[in-house]
């Protein structure tokens, strides 16, 4: 698995993800920022492929690139001045500070935790294993999440329903 | 042997993968892995193109001729015999046209949208099983890959509509986004039923399952096929559901501002998607290359392409027959008809799989029984829905156009109410 191709692919996808993520913050045009976010999601999917987590990669494309980004775009359409220059933000400094603090914590944690490494080949087929894990070992959290999503959906419908209906 | 460097039965046209394997083995013999990688990619792309490019041209001609017959005219008949060269003339014309960019638009996004639009359109062909062993990339999650890639189209359509800086483009794009979100749900839920039944997410695996049990999945899950075909047809933006480019309402929708080759990229991507959907329907519900023994006499890929073209013809038929739906009708159809049906389908299929595998019943008895039960259920549900919510029965206060079209639905009323 450690061929030249996989290393090149990793660096290309990593650069794509990080670069696009930076653009999301840096771009003034909100629509362009949303597009950069989609590119970052797609780069993550590519990284999953290099880890031979094919199901996760396709899930990333289906959920994040295909669905969440559409949600973001919908939200953008309801934002005034979305296509023009993003207004000045008074929160630039505090937000930057918070982001830097979070990044410091994450980097510290990544460098200092003794990560358990799993040797050997990757799984051939992850879909079946994931399905079994979700519906067998982790069935309770899985069901809790479904109920939560259902409640959120019903809540959204109740919120936007008019009085006359 | 005219090509001594090719090994194996590469001349056997019943399985073209022999040829690609022989070519790849030849390149592999050079001892350079990078070249072999590139060659493998090139063979796949060229094989897909060898199908797509002639199909694009042919399909445009077929569609225009068939639609012409539907509308009692001849269709293209001036350029070449039977107008066969018309697509080539069109392609030349489109390439020579000026490609305009709206000055107030978003230049880069406007430029990128039609190009990006082609990535999912071509990418989905990687997992199509043309014949036994003949899928370019036999992913074990092929079905999900297909759905995930085709859902990307939405973003590119929206990019096109937004960057045009034209209200009709934006309307068209918003309609596409709303429609795609609605129709994505039944598509995914019905395909879930398929993978539940066959226990596989790989398209080759699904076709192989149908060949092993000597049955097409459409016989076992007719409801899923109906729901999937309608929902995926809607995602193609073709006439029964072409609200995104409805020319009588919003000029040309999201590609109003596009001209020349950029416009024709959208046009071509639409046909590519239509062919891909036909291919998926042929593979998942109609057995792919499997045809009850015929595949031993006729190459499997020819059978598959035949089925593919048949479903494309059905798409043309639908386009020639049905009027365009309104936006709200389309949405209501997805949420109130397709989604409940697909949920019922998943429930029934899950129950059947459970019964079948837990009790260890033999497939010879179980599958026909399931087929009968599911067909009865489908007819009953669709009929009930049409009776309860259908539009064909006038209710009190409906206008009855008897004098215009000679059609008297329900209790007759005299002429047009409030009429002059």
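The values are calculated or read from the model by the stated rules, or taken from the named source; none is laboratory data. This is a predicted model, so every value here is computed, not measured. Counting neighbours? That spans all protein chains shown, and the Cβs are built from the backbone with ideal geometry, glycine included.
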Given (1) at the interface with chain A (Cβ under 10 Å from one of its Cβ atoms); (2) out of contact with any strand residue (DSSP E or B) (no Cβ under 8 Å at 6 or more places or on another chain), residue B:98 misses just (1)
Hey, residue B:114 hits all of (1) outside any helix (DSSP H, G or I); (2) under 28 Å from residue B:330 (Cβ atoms); (3) more than 12 Å from chain A (Cβ to nearest Cβ) but one; which does it fall short on?
(1)
Given A:35, A:56, which one is within 11 Å of chain B (Cβ to nearest Cβ), touching a residue at least 60 places away in the same chain (Cβ under 8 Å) and not in a loop (DSSP other than H, G, I, E, B)?
A:56
Name, by its number, the condition in (1) more than 14 Å from chain B (Cβ to nearest Cβ); (2) at pLDDT 90 or above that does not hold for residue A:150.
(1)
Test result for residue B:159, more than 9 Å from chain A (Cβ to nearest Cβ) and touching a helix residue (DSSP H, G or I) at 6+ places or on another chain (Cβ under 7 Å)
no
Within the range B:285-313, of all residues that are in a helix (DSSP H, G or I) and out of contact with any helix residue (DSSP H, G or I) (no Cβ under 8 Å at 6 or more places or on another chain), the one surrounded by the fewest Cβ atoms within 10 Å (Cβ to Cβ) is B:296
Please work out which one of (1) at pLDDT 85 or above; (2) more than 25 Å from residue B:139 (Cα to Cα) is the condition residue A:133 fails and give its number.
(2)
Quick one: residue B:137 ticks every box in (1) more than 9 Å from chain A (Cβ to nearest Cβ); (2) assigned to a helix (DSSP H, G or I); (3) touching a residue at least 40 places away in the same chain (Cβ under 8 Å) bar one, so which box is it?
(2)
If we keep only residues of the range B:195-235 that are away from chain A (no Cβ under 14 Å) and outside any helix (DSSP H, G or I), then the residue surrounded by the fewest Cβ atoms within 10 Å (Cβ to Cβ) is B:214
Restricting to the range B:174-194, name every residue that is buried (at least 21 other Cβ atoms within 10 Å of the Cβ) and within 14 Å of residue B:280 (Cβ to Cβ).
B:187, B:190, B:191, B:194
Taking the range B:163-173 and keeping only residues that are part of a helix (DSSP H, G or I) and surrounded by fewer than 24 Cβ atoms within 10 Å (Cβ to Cβ), one is left with B:167, B:168, B:170, B:171
Of the conditions (1) crowded, with 21+ Cβ neighbours inside 10 Å; (2) more than 9 Å from chain B (Cβ to nearest Cβ), residue A:64 satisfies every one except a single condition; which number is it?
(1)
Within the group B:341, B:280, which residue is more than 18 Å from residue B:216 (Cβ to Cβ) and either surrounded by 20 or more Cβ atoms within 10 Å (Cβ to Cβ) or at pLDDT 80 or above (or both)?
B:341
